[in-house]
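A.B. asks: Once you've had a glance at the structure underneath, I'll fire off some questions.
Computed from the coordinates by the stated procedures, all read-outs in this text should not be read as laboratory data. Because the structure is a prediction, the values reported are computed rather than measured. Positions of Cβ are backbone-derived with ideal geometry, glycine not excepted, and every protein chain shown enters the neighbour counts.
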Amino acid sequence: MEKHVLKESTRQRIIDSARILIAEEGYQKTTVAHIAKHAGIAEATIYDYFQGKEDLMLAIPDLWVKDVIRDLDEQFIGIKGAVNKLRKFLWWFLRRSERDPLDAKIVFLFLKTNANFMNTEVYSNVKNFYAFLIDIFEEGIASGEFRQDLNPYLARKIFIGTKDHIVTQWLLKDRTYSLYNDLEETFDYMIKGLLTERGGISREVEESPEVRLSEKQKQ
């Protein structure tokens, strides 16, 4: 039992060191030797846990994505309406990114440019995570909030693309401002193309308890 705990502790120490170094110095400049020195272990020890630097780099976002997925269902308890769910999803994800900037940097600046990303378990988990958005769009179509001719998969691409751009720009500009800057206006622009007249963003929707809850959680 103690041996297992020690092994897990060493593995976590390696991941934590790699997470800090890759986020601060970049993937290319970070070496296995550098990671080992930072973790206070022999370089050969890293290969007892990971195949190499790329394998280690992929373990970092995998843990982050799994944690985000575990948090997903709980965040939407009591949220009613597709528009409110979509809005909460955006606010919640950006809040997670602000709280875990090192992980966000690895995911958005290094992982997504990795040629092997789509062949990894991380990518499979990311696909499962974003399947939740399809459920929201389909709910909105069924309820009449969204247009009947809406393509949920195309709508998801637009939503994810906008969200990813917001986070990427924030990281590239060294996180010198809040991710919530102009977010109300950005969300309105995104959502208006999806809505029916009936599903428009009325004052009643904007001031619903679910929306007020999102506002409190972002502060």
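A.B. asks: Compute the acute angle (0 to 90°) between the alpha-carbon long axis of helix 152-172 and the principal axis of greatest extent of the alpha-carbon atoms of the chain; round to the nearest 10°.
C.D. replies: 50 degrees
A.B. asks: Separate question: Given charges of +1 on the Cβ of Lys and Arg and -1 on the Cβ of Asp and Glu, with all other atoms neutral, how large is the dipole of the chain about its Cα centre, in debye to the nearest 20?
C.D. replies: The dipole of the chain has a size of about 260 debye.
A.B. asks: Measuring from label point to label point, each 7 Å out along Cα→Cβ, what is the Glu185 to Ala44 span in nm?
C.D. replies: About 6.0 nm separates the two model spin labels.
A.B. asks: Separate question: Could I have the simple spin-label model distance between Thr113 and Glu138, label points 7 Å from Cα toward Cβ, reported in nm to one decimal?
C.D. replies: 3.6 nm
A.B. asks: Something else: Separation between the Thr31 and Thr196 pseudo-spin-labels, each 7 Å from Cα along Cα→Cβ, expressed in nm?
C.D. replies: It is 6.3 nm.
A.B. asks: Okay, moving on. What trypsin sites (Lys or Arg not before Pro) in segment 10-106 are in a loop by DSSP, with at most 16 other Cβ atoms within 10 Å of the Cβ?
C.D. replies: Lys29, Lys80
A.B. asks: Starting from the coordinates of the alpha-carbon atoms of the chain, obtain the Kirkwood hydrodynamic radius over all distinct pairs and give the value in Å to one decimal.
C.D. replies: 19.2 Å
A.B. asks: A further question follows. For Ile160 and Glu8, compute 0.36 nm times the residue count separating them, minus their Cα-Cα distance, and round to one decimal in nm.
C.D. replies: Gain on stretching Ile160 to Glu8: 51.3 nm.
A.B. asks: Would you kindly state the longest site-free stretch of the chain, with sites defined as GluC sites (Glu not before Pro) in a DSSP loop (not H, G, I, E, B) surrounded by at most 11 other Cβ atoms within 10 Å?
C.D. replies: 1-196
A.B. asks: Follow-up question, since we're still on this one. Can you give me the angle between helix 53-75 and the longest principal axis of the chain, using Cα atoms only, in degrees from 0 to 90, rounded to the nearest 10?
C.D. replies: The helix 53-75 is inclined about 40 degrees to the chain.
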